[in-house]
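All remarks here apply to the structure that follows.
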Amino acid sequence: MKALVPAHGTVEFAEVPQPEPHPGEVLVKVDAFSVNRGETFLLEDPPPHWRPGKDVAGLVVQAAADGTGPAVGQRVVAHPPGAGWAEYAAVRTDALAVLPERLAAPTAAALPLAGLTALRLLRAAGPVTGRRLLLTGASGGVGHYVTELAAAAGAQLTVVTANAERGARLRELGAAEVVHEVAGARGPYDLVLESTGGTELPRALELLAPRGRLLWFGQASREPVRLDFFALLNGPVSATVRHFSYADVDHPDGDDLRTLVRLTEQGRLHPELGLVDDWQHTAEAIAALRGRRVRGNTVLTLN
């Protein structure tokens, strides 16, 4: 089959063996996949034998041998560990969700990584009704989903985005305030959701209320963080900083994927596609994503 493989910091097409599913896996004919920023980072120095592709949507063409999961002919959205940028992908039956008829594959493909991160991030945050939240790096898919979910739960959310157009959209989705740099945010906040690292994390941390919490879920700036213990004594005394990984869960991804699909079908979550293109143009899409010329999710289609 045809697949996209790492090459010179980006991807190129190659002929690879079609996957042979294990007993608890289905074979999915991929209709669309999403490109995540983290995968573009990995392409710069890919692990041995790794192929990108964690967000896919498509058609089950071979059911699981152990009798679990969807039947042949059902459409699914799935979150495999990799290798999804291909004509076919093998996916564990507990890492997918069946799609309703009206949910298109490109829209569904925008759900897994960004949606799972947002859903689990807010679970880790605990009850947010009536609380003041600050979200940094809010321009992408995670920021979109966090904004919708947090606003619906009654949070008073301030988002940080450098893009004015994107900020206007996040306000439409329920953000109470939009700022274009952390320095423009007005604390104190009960909770900070921080995804940029570098110099922004210490600045965001200073905006916490005493005994507030900061959940650190990314480092988009790719710059290390330096914290000054004594600086915290002048503001967010006894603040908590927690490293957050969306993969640190004790239940399969399929449970949360079904939640995301249900919320989308009910019109309570609105995946936003910043770029939809044919997968022949994946390398160009990666370049656009790296250059921050795309807002929302980047989705490539095979049909």
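The values are calculated or read from the model by the stated rules, or taken from the named source; none is laboratory data. In this text the structure is predicted, and so the values were computed from the model without any measurement. Cβ placement follows ideal geometry from the backbone for every residue including glycine, while neighbour counts extend to all protein chains displayed. What goes into the accessible areas is simple: the full protein's heavy atoms, side chains included, and nothing from ligands, DNA or RNA. Shrake-Rupley method; radii C 1.70, N 1.55, O 1.52, S 1.80 Å.
Would you mind telling me which numbered condition in (1) out of contact with any helix residue (DSSP H, G or I) (no Cβ under 8 Å at 6 or more places or on another chain); (2) at pLDDT 95 or above Trp50 fails?
(1)
Quickly run through the stretch 268-301 and pick out the residues that are more than 22 Å from Glu87 (Cα to Cα) and within 16 Å of the chain's Cα centre (by Cα).
Of everything in the stretch 268-301, those that are more than 22 Å from Glu87 (Cα to Cα) and within 16 Å of the chain's Cα centre (by Cα) turn out to be Leu269, His270, Pro271, Glu272, Gly274, Leu289, Arg290, Arg292, Val294, Arg295, Gly296.
Only one of (1) closer than 26 Å to Leu121 by Cβ; (2) at pLDDT 95 or above is not met by Asp278, so which one is it?
(1)
If Gly235 satisfies every condition in (1) more than 16 Å from the chain's Cα centre (by Cα); (2) at pLDDT 95 or above but one, which is the exception?
(2)
Tally up the residues in the stretch 274-288 that are of a type in the set (A, V, I, L, M, F, W, C) and either in contact with a Cys (Cβ under 7 Å, 6 or more places away or on another chain) or buried (at least 20 other Cβ atoms within 10 Å of the Cβ) (or both), please.
Qualifying residue count, the stretch 274-288: 3.
Just to be sure before I move on: is Leu227 outside any strand (DSSP E or B), more than 21 Å from Thr117 (Cα to Cα), open to solvent by less than 50 Å² (accessible area, probe 1.4 Å) and at pLDDT below 95 in the structure I sent?
no
How about the stretch 59-175: which strands (runs of 3 or more DSSP E) wholly inside it have at least 2 residues that are under 15 Å from Val26 (Cβ atoms) and either in contact (Cβ under 8 Å) with a residue 12 or more places away in the chain or out of contact with any strand residue (DSSP E or B) (no Cβ under 8 Å at 6 or more places or on another chain) (or both)?
So the answer is 75-78, 88-92, 96-98.
Any residue in the stretch 210-225 that is under 9 Å from Leu193 (Cα atoms) sitting within a Cβ distance under 8 Å of a residue that is part of a loop (DSSP other than H, G, I, E, B) and polar (S, T, N, Q)? List the pairs, counting only those 6 or more apart or interchain.
That search, which allows pairs on different chains as well, returns Trp216/Ser195; Phe217/Ser195; Phe217/Ser245.
Residue by residue, here is whether (1) at pLDDT below 95; (2) buried (at least 22 other Cβ atoms within 10 Å of the Cβ) holds:
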{"site": "Pro81", "(1), (2)": "no, no"}
{"site": "Gly84", "(1), (2)": "no, yes"}
{"site": "Val98", "(1), (2)": "no, no"}
{"site": "Arg102", "(1), (2)": "yes, no"}
{"site": "Ala109", "(1), (2)": "no, yes"}
{"site": "Ala114", "(1), (2)": "no, yes"}
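How many residues, within the stretch 82-101, are within 20 Å of the chain's Cα centre (by Cα) and of a type in the set (D, E, K, R)?
2
Of the residues Arg268, Arg213, Arg295, Arg222, only one is open to solvent by 20 Å² or more (accessible area, probe 1.4 Å), within 26 Å of Ala153 (Cα to Cα), at pLDDT below 90 and in contact with a helix residue (DSSP H, G or I) (Cβ under 8 Å, 6 or more places away or on another chain); which?
Arg295
Go over the candidates Val11, Val30 one by one and state the one that is open to solvent by less than 10 Å² (accessible area, probe 1.4 Å), of a type outside the set (S, T, N, Q), modelled with pLDDT of 95 or more and not in a loop (DSSP other than H, G, I, E, B).
After applying the criteria, what remains is Val30.
Just checking, does the stretch 240-256 include any residue being touching a Leu at 6+ places or on another chain (Cβ under 6 Å), assigned to a strand (DSSP E or B) and open to solvent by 30 Å² or more (accessible area, probe 1.4 Å)?
Taking the stretch 240-256 and keeping what is touching a Leu at 6+ places or on another chain (Cβ under 6 Å), we get 241-242, 244, 246, 254, 256.
Now drop any that are not assigned to a strand (DSSP E or B), which leaves 241-242.
If we keep only those that are open to solvent by 30 Å² or more (accessible area, probe 1.4 Å) as well, we get 241-242.
Checked the stretch 240-256: at least one residue is touching a Leu at 6+ places or on another chain (Cβ under 6 Å), assigned to a strand (DSSP E or B) and open to solvent by 30 Å² or more (accessible area, probe 1.4 Å).
Under 6 Å by Cβ, and 6 or more places apart or on different chains, what pairs join a residue from the stretch 185-208 that is touching a residue at least 12 places away in the same chain (Cβ under 8 Å) with one that is part of a helix (DSSP H, G or I) and open to solvent by less than 10 Å² (accessible area, probe 1.4 Å)?
Leu191/Ala125; Val192/Ala204; Glu194/Leu201; Glu194/Ala204; Glu200/Val182; Arg203/Val182; Ala204/Val182
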